[in-house]
Amino acid sequence: MKILSDILNDTYQTPAKISPYLPQAAPATPLVSVIIPVYNGAKYIQMALDSVLTQTYSNYEIIVIDDGSSDDTRMKLQGYKDKIRYIYQENQGSAAARNVGISLAKGELIAFLDADDYWSTPDKLTKQVAAFNEHPAWGCINTGWHLVDGENKHLKTVQPWHNAPKLDLETWLKRKCVRTSAMVFRKQWLESVGGFDEQLRQSHDVDLVLRLSLAGCETGWLEESTVCYRQHQHNTTNNSLKQATYVQAVLDKFFARGDLPHSISSQESSIRYYTLVWIAWYQYRAGNLEAMAQFLQKSLGFSPYLRVENIAHWLSSFRSFATDRGEDFNVDLLTDAANWRSLVATTLGIKIDPPLNPPAQLKPASLSNHQLNDPQLYYQLLETQPRNAFTYLKLGEYWQKQGENAKALVLYKMALLCQPKFPAATAKLQRIKRKPAQIKGFPAGLVLPPLRGEGNDYSFVEEKVREFVASNQPYTLAVSLIIPTYNRKQVLAKTLAAIAHQTYPQNLIEVIVADDGSTDGVEEVIRKYEKHIELIHVRQADRGYRLSAVRNLGIRAAKHDCLIVLDCDMLPDPNFVEAYMKYLHVSEEVALIGHRRFVCTDEITDDQILANINVAIDLPDISTSNEIWSNSNQEPTKDWRLKIYEQTDYLKEERYPFRAFVGATVAYSRKLVERVGYYDEDFQHWGEEDKEYGYRIYNAGYYFIPVLEAVGLHQEPPGGANENDRQGGKEITTKILEDKCPAGWYRKYEVNRVYQIPKVSIYIPSYNNGKFITECVDSVLNQTFTDLEVCICDDGSTDNTLEILEQNYANHPRVRWVAQNNAGIGKASNTAVKMCRGMYIGQVDSDDVLKPHAVETLVKYLDSHDVGCVYSGCERIDTHGNYLQDEFNWPEFSREKLLMTMIVHHFRMFRRRDWMRTSGFDETIANAVDYDMFLKLSEICDIYHINEMLYLRRIHGENTSVRNVGKQDINNNVVVTAALERMNLAKEWEVFSPDPQNPRKISFKRKI
């Protein structure tokens, strides 16, 4: 073993100049010995030494143990020869090097410093020595640390005392918050346990603190971060597999002891579990995913969690470990990896290839529980049903609501692992992957809230229902049950008997029997049940099948604002009305859809039901003989909508949720009827009137919510026969539906066919544009897509606009217009949009022109994507139609960018449904009206930009945006401020213009 003078004098004749700030030689009897083991640490050793030599505390010595370095470490140390004790040895590992240092140390206190770390505060030793004096029972003092990279860039500050306030044996085992470079020990304690275990090339520091703690050594915190722990590719801990081996060896050694307290030995499984997950993370971090999967699989043998819960815990642990090191954790990337997918499949005992069959249909009682709010119940369910994709979906939804997006993401992926073709899971996964755009000038702290009620996502209504139920408020809203009937008095009697058992207050229920001209003596049933429930009988003459008309008759007779429509053969469960009314107490934006079971009530009477409702409720499900719903396998008939619910998360991810709207048992508010109208009485044969009505409800912006707790027992008619020819009737009504409902598969598009209800409406607000109106309208009529109409609002023009419209389009089946007194662009736009009947609404200004394929391009996108609005780019033309330039065209839609400037330019098309969910165009401002409108839409639906020039915008002297530039600038700020208020951001943020010369260029700042 050589000492410093031998080594350095062998090599150098003249030492380099020593920095003037270095203290004089170490004292003869130092209190603190600083031990620095080094192996090939030339790059960083000088910074480590300098951080000791600049300490305000001076009663120390420095011992450097060179563990066989082969780089120029010796040369780097030459300038420090008078300030350190240098020992060289053949490479034996850092544990052996530290033990040599301990054996040579003169001080009562031992401070360690790794050669690639450095102390970040000059008073580290001063404060730790003072802490020893204040706490004489302490044998060790620990501190926090900073993580830095190889170039000294700060990554993260770690303050472990927040999560580990007490450094006892259990904490060391579970937290392993050991950084020897931060710690100072009493030498006598180190000697009493024999120092570091030299058989452990790594993790010997963890082994040391475990033995010290078991021996009774107390450790306390100096609650400061005093050392910079460097992360670089040459760290010894970077050999992750070797690190894993030694960590497990430490635990094996520890738990093999016979002197462990029971409180510690009893935790062996959980400690081994957490350690294996930590090791697995190290493998992941090193890019060794195969080893990661092996260690995670091994951890299952010690896990306290259920299987799916375990998988979620792995990911949350990985994220926590990464955060502690100041690193990012890409859960999406990991969970896409083949090793991860294989691990999940093995853990759950499922196969990935070939894809799993769809999960077994859940029972209605399970499906209906929208309010399940305990994740443990989901985990328990998945323990017995690991292939149940729907449960993964609901569990993911739960964690997403808690802000745990990483957990939600992996659960949605697990749903798709079980059922690859699962639209609801696909949609939620795509949505959760969205990241806010990085827009220059947009403050990082300004976070826009998520879209509320996108598509048919009625989660916000469910939340209101939960709050209402939890509040225990009494029911206050009265409801009218409308029951259409025709010659079904026995079935009707059983239904009325069941209504007498409703859990909803009877004094808030009225029943209206709407009679379609019955001749079977239904009046007898009415008189009988008037004694038990509030009952009104209304009747129309029998003129054939008129279900729509008789429903309308009942609705008009109803005196209450909450309406339930119930077919006479749908015997309601006792909870039926209450299940609906929970929703109607909190929202008028909904169309509620009940559930059905198929039973046979032939063997029970209405008197028996009146006496005991359970005689009906306990009836078994049957296989119906109904020609529409019958099945060949004779299994009990299930409500056909259950499969749709499973695939679409109860319609939340269904593009056309009205497909599940069946009038046999539905509920809504009277305001819906006032907005949408009544059932269409053109349907005078069986079928499709419900879908047509549902389409209008959809187009008016309502949310469709399956309420599976609202169960109606469908009473099988005698012999399974119905009084109507259902198949023949449906052949007729399907054609009517095609003419009135343009959505999806309900209409087979034919070029140039004029449908009663068009798919697309183009609205044109106009004021004194007679010069251009014909060219504008004709550009719409000449589109390659022809299932459209033109809706024009003339805003009090004083030129010849109305005469031109009359001359050119008076008899045109696709053009309609209205005239109003001049009220401005906002009022004209609202009037025009309210004329529109299409499901898609496009906007064209009366002096502009559409390119021929513009409508077709946007319609194709809306048909195939769940967005609420799509827009293109546009070209600028002059008065004569000559091309001038491309207009400003931001390449990709961003909510953040839209909040800073108007980027949703012509040609624009949106779903009427989404527009109806806004407050419409602002009629109080003269310009920036469109900007305001599309800001509103961006808060409730996704928007997409098609980067294609489909619109010609004409510039002339009368454009409002040209004539009123000053007002436009002011109103831009007004509408953006209004957007902040709608999103509840205005209390913290305000709009400002950084450049007074360009007031339209805005940004945001926090309010003081």
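The values are calculated or read from the model by the stated rules, or taken from the named source; none is laboratory data. Since we're looking at a predicted model, the values are computed, not measured. Positions of Cβ are generated from backbone atoms using ideal geometry, with glycine treated the same way; all protein chains shown enter the neighbour counts. Protein only, heavy atoms only, side chains kept; ligands, DNA and RNA dropped before computing areas. Shrake-Rupley method; radii C 1.70, N 1.55, O 1.52, S 1.80 Å.
Using only alpha carbons, the chain has a radius of gyration to Kirkwood radius ratio (Rg to Rh) of 1.10. Taking 20 Å as the limit for the C-alpha separation, the pairs Lys413/Lys433; Lys494/Lys528; Lys851/Lys897; Lys174/Lys401 exceed it in the case of Lys851/Lys897; Lys174/Lys401. Taking the average, over residues, of other Cβ atoms within 10 Å as the packing measure, peptides 557-565, 858-866, 761-769, 115-123 rank 761-769, 115-123, 557-565, 858-866 from highest down. Under a 5 Å amide H cut-off, with hydrogens placed 1.01 Å from N, Tyr944 pairs with Cys869, Val870, Tyr871 among residues at least 5 apart or on other chains. Hey, any idea what % of region 760-958's accessible area is carbon plus sulfur with a 1.4 Å probe? Here it works out to 47 percent.
Farthest towards the positive end of the charge dipole of region 760-958, among the residues Ile946, Val929, Phe910, is the Cα of Phe910, using unit charges on the Cβ of Lys, Arg, Asp and Glu. Most tightly packed first, judged by the mean number of other beta-carbon atoms within 10 Å of their residues, the peptides 681-689, 743-751 read 681-689, 743-751.
Considering only DSSP beta bridges whose two residues both sit in region 760-958, what percent are antiparallel, to the nearest 5? Counting only bridges with both partners in region 760-958, antiparallel ones make up about 30 percent.
Of all DSSP bridge pairs formed entirely within region 477-719, close to 30 percent run antiparallel. Karplus-derived 3J(HN,Hα) values for region 534-540, using 6.51 cos²θ - 1.76 cosθ + 1.60 with θ = phi - 60°, are 6, 9, 10, 10, 10, 9, 10 Hz; glycine and proline are entered as x. Our summary gives the chain a relative contact order of 7 percent, counting only alpha carbon pairs under 8 angstrom and 6 or more residues apart. Other residues whose C-beta falls under 15 angstrom from the C-beta of Ile439 contribute a net charge of +4, scoring Lys and Arg +1 and Asp and Glu -1. Calculated [222 nm] ellipticity per residue, helices only, for the chain: -11000 deg cm²/dmol; basis is -39500 (n - 2.57) per DSSP H run with n ≥ 4, divided by all residues, nearest 500. Taking the average, over residues, of other Cβ atoms within 10 Å as the packing measure, peptides 444-457, 989-1002, 141-154 rank 141-154, 444-457, 989-1002 from highest down. Per residue, the convex hull around the alpha carbon atoms of region 733-892 comes to 126 Å³. Here region 32-238 carries DSSP beta bridges of which approximately 30% are antiparallel, counting only pairs with both residues inside. Shape analysis of region 32-238 places it in the rounded category; the axes a ≥ b ≥ c from the Cα gyration tensor give an a/c below 1.5. Counted by Cβ distance under 10 Å from Ala558, the other residues give a net charge of +1, where Lys and Arg count +1 and Asp and Glu count -1. Taking every C-alpha pair closer than 8 Å and separated by at least 6 residues, the mean separation divided by the residue count of region 760-958 gives a relative contact order of 26 percent. For region 477-719, the fraction of 1.4 Å probe accessible surface lying on carbon and sulfur atoms is 46 percent.
Residue-wise HN-Hα couplings along region 474-481, as the Karplus relation 6.51 cos²θ - 1.76 cosθ + 1.60 with θ = phi - 60° gives them from phi, are x, 6, 10, 8, 8, 9, 10, 9 Hz; Gly and Pro carry x.
Positive contributions from Lys and Arg (+1) and negative ones from Asp and Glu (-1), summed over other residues with Cβ under 14 Å from the Cβ of Met949, come out at -1. Contact order, relative form, for region 32-238: 27 percent (alpha carbon pairs under 8 Å, 6 or more residues apart, mean separation divided by residue count). Projecting the Cα atoms of Ala541, Gln634, Ile644 onto the charge dipole of region 477-719, computed from C-beta unit charges around the Cα centre, puts Ala541 farthest toward the positive end. Along the axis of the charge dipole computed for the chain (Cβ charges of +1 for Lys and Arg, -1 for Asp and Glu, origin at the Cα centre), the listed residues Asn388, Val599, Ile622 are led at the positive end by Asn388.
Couplings 3J(HN,Hα) for region 139-148, derived from phi with the Karplus relation 6.51 cos²θ - 1.76 cosθ + 1.60 (θ = phi - 60°), are x, 7, 10, 10, 9, x, 8, 10, 8, 10 Hz, where x marks Gly and Pro.
Between Arg876 and Asn752, the contour length at 0.36 nm per residue exceeds the Cα-Cα span by 41.6 nm. Amide H contacts of Cys228: Tyr118, Trp119, Ser120, His146, each under 5 Å away and 5 or more positions distant or on a separate chain (H built 1.01 Å from N in the peptide plane; Pro and chain starts excluded).
The amide H of Val815, built 1.01 Å from its N in the peptide plane, has Val790 as neighbours under 5 Å, considering only residues 5 or more places off or on other chains. Ordered by solvent-accessible area of protein heavy atoms (1.4 Å probe), largest first, the residues Asp567, Asp515 come out as Asp567, Asp515. Might you report the magnitude of the Cβ-based charge dipole of region 217-344 about its Cα centre, with Lys and Arg at +1 and Asp and Glu at -1, to the nearest 20 debye? Here the size comes out at about 420 debye. For Lys43, Lys489, Lys106, the ranking by accessible surface with the largest value first comes to Lys43, Lys106, Lys489, using a 1.4 Å probe.
Counting only Cβ charges, +1 for Lys and Arg and -1 for Asp and Glu, the dipole size of region 32-238 around its Cα centre is about 160 debye. Net charge dipole, the chain: roughly 1900 debye, given to the nearest 20, about the Cα centre with Cβ charges of +1 for Lys and Arg and -1 for Asp and Glu.
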